[in-house]
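The values are calculated or read from the model by the stated rules, or taken from the named source; none is laboratory data. Owing to the predicted nature of the structure, the values given are computational and were not obtained by experimental measurement. FYI the Cβ positions are ideal-geometry reconstructions off the backbone, even for glycines, and counts take in every protein chain you see. We work out accessible area using only protein heavy atoms, side chains counted, and drop any ligands, DNA or RNA first. Shrake-Rupley method; radii C 1.70, N 1.55, O 1.52, S 1.80 Å.
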Amino acid sequence: MKNTDCLVEVIRAISELHIPYMVVGAYSSNAYGLSRSTNDADIVIQYREGCLRELGRMVGGDFVVDPQMTLEVRTGSVRNVLRYRPTGFEIELFRLTDDPHDQARFERRRNVLLPALNVEVILPTAEDVVVQKLRWQRDKDLADVRVVLEIQRARLDWNYIRHWTDCHQTTHLLDRLLKDLSS
Amino acid sequence: MADPVDPQIRQQQRDVFASKVERAREMTIEQKFLLTLQLSEEAMEWTRHIIQAENPGWGPEEVAEEIRRRRAIQRRIEDQGLFVPHHEAGEQDS
C-alpha cells in the first residue's frame with residue numbers, strides 16, 4: 001500500500017468510527033499555500049477513551065501505534081504516532097485540547113471533497129493555519145505561513161487572525177512576515 | 001542591515017517565488033492536496049531507493065526501519081522546545 005492509500009485508509013477509518021478530526025500540518029498549509037513534500041501526516045482528533053485501539057483494529061495489523069507519547073507544550077496536546085510498518089510512513093495523531101484556539105480552529109474546520117481519491121477530508125481554515133504555525137514558530141512553520149499569507153492575503157479574515165496573534169503574542173512575527181512580503 | 005545576497009540573485013528569488021505563487025493561486029485545494037500526496041510519495045520513494053542502493057543486501061523491512069530511524073532523528077530536531085515526552089499513567093491507549 002502506498003502512503004497516499006495509508007492516509008486515505010486512516011481518514012476513512014476515523015470517519016467510520018465517528019471520531020471528529022481535522023488534517024493539520026503540511027497537508028493543511030499546502031492546501032492554502034504551495035505544495036511541498038512532507039514526511040508524515042498530522043491529524044487532530046477529538047479523543048475518547050479507547051478510540052486509538054478501535055482505530056488500530058480497523059486499519060489492521062500493518063499499522064502500529066508507537067508506545068512513546070509526547071506532549072505539545074503550547075497547548076498540552078498529547079501526540080501518538082501511528083506508523084505503517086511496511087513503508088515507515090507515519091501519521092501523527094494529536095488530541096484536541098481545551099486550549100481556546102485549539103477549540104476555535106476545530107469549530108471552524110471545513111470539509112473538502114477529494115473526488116480523485118473518493119474521500120472527504122476535513123481541514124482547518126487558512127486563518128487557523130496561519131495562527132497555529134505562528135504559534136509553533138519552527139523554521140518550516142514560518143516558511144509555510146509566509147507562502148499562505150502571500151497566496152491568501154486578500155481572502156483572509158484579518159480581525160480573526162490578529163485577535164489570536166494578540167492572544168498568543170505573535171503579532172510582531174506576523175507583522176515582520178508581512179513586511180518582508182511587501183518589500 | 002545590508003542584504004548579503006547579490007541584488008540580481010535576490011531579484012531572481014523574488015521572481016521565482018512570484019511565479020510559484022501565481023500558479024498556486026490558480027489551483028484548487030483538491031489539486032494542491034493531491035500534489036502534496038504525490039510529492040511526498042515521490043520523496044519517500046527516492047529516499048527508499050537511495051537507502052537500498054547504499055545497502056544492497058537489505059530487504060524492504062530493513063529499509064523501512066532505516067526510514068523510521070531517520071524520521072525519529074528529524075522529529076527529535078524539529079520537536080526541540082515544542083514537544084516533551086509524556087509519561088502520565090493511564091493515558092496510553094494502544
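Some values worked out for this structure:
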| quantity | calculated |
| --- | --- |
| Residue count, region A:27-40 (criterion: assigned to a helix (DSSP H, G or I) and either over 12 Å from the mean Cα position of the chain (by Cα) or surrounded by fewer than 22 Cβ atoms within 10 Å (Cβ to Cβ) (or both)) | 1 |
| Residue list for region A:80-90, filter: surrounded by fewer than 23 Cβ atoms within 10 Å (Cβ to Cβ) and touching a residue at least 60 places away in the same chain (Cβ under 8 Å) | A:Pro86, A:Thr87 |
| Matching entry among A:Asp40, A:Asp99, A:Asp5 (being among the acidic types (Asp, Glu) and in contact with a strand residue (DSSP E or B) (Cβ under 6 Å, 6 or more places away or on another chain)) | A:Asp40 |
| Qualifying residues in region B:27-50 (those that are farther than 18 Å from A:Ile11 by Cα and among the β-branched types (Val, Ile, Thr)) - the one nearest to the chain's Cα centre (by Cα) | B:Thr47 |
| Search result, residues across region A:48-62 that are open to solvent by less than 60 Å² (accessible area, probe 1.4 Å) and either assigned to a helix (DSSP H, G or I) or at the interface with chain B (Cβ under 9 Å from one of its Cβ atoms) (or both) | A:Gly50, A:Cys51, A:Leu52, A:Glu54, A:Leu55, A:Gly56, A:Val59 |
| Residue match in region A:77-85 (condition: closer than 16 Å to A:Lys133 by Cβ and at the interface with chain B (Cβ under 10 Å from one of its Cβ atoms)) | yes |
| Meets criteria (open to solvent by less than 40 Å² (accessible area, probe 1.4 Å), farther than 17 Å from A:Leu114 by Cβ and touching a residue at least 24 places away in the same chain (Cβ under 8 Å)) for A:Ser77 | yes |
| Any hit, region A:99-108, residues being outside any strand (DSSP E or B), at positive phi and buried (at least 17 other Cβ atoms within 10 Å of the Cβ) | no |
| The lone exception for A:Glu120 - which of (1) touching a residue at least 12 places away in the same chain (Cβ under 8 Å); (2) farther than 30 Å from B:Arg68 by Cα it fails | (2) |
| Checklist (1) within 22 Å of B:Leu35 (Cα to Cα); (2) among the aromatic types (Phe, Trp, Tyr); (3) at pLDDT 95 or above applied to A:Tyr84, failing item | (3) |
| Positions within region A:127-177 being open to solvent by 60 Å² or more (accessible area, probe 1.4 Å), assigned to a helix (DSSP H, G or I) and farther than 20 Å from A:Glu107 by Cβ, in sequence order | A:Asp139, A:Lys140, A:Arg146, A:Arg153, A:Ala154, A:His172, A:Asp175, A:Arg176 |
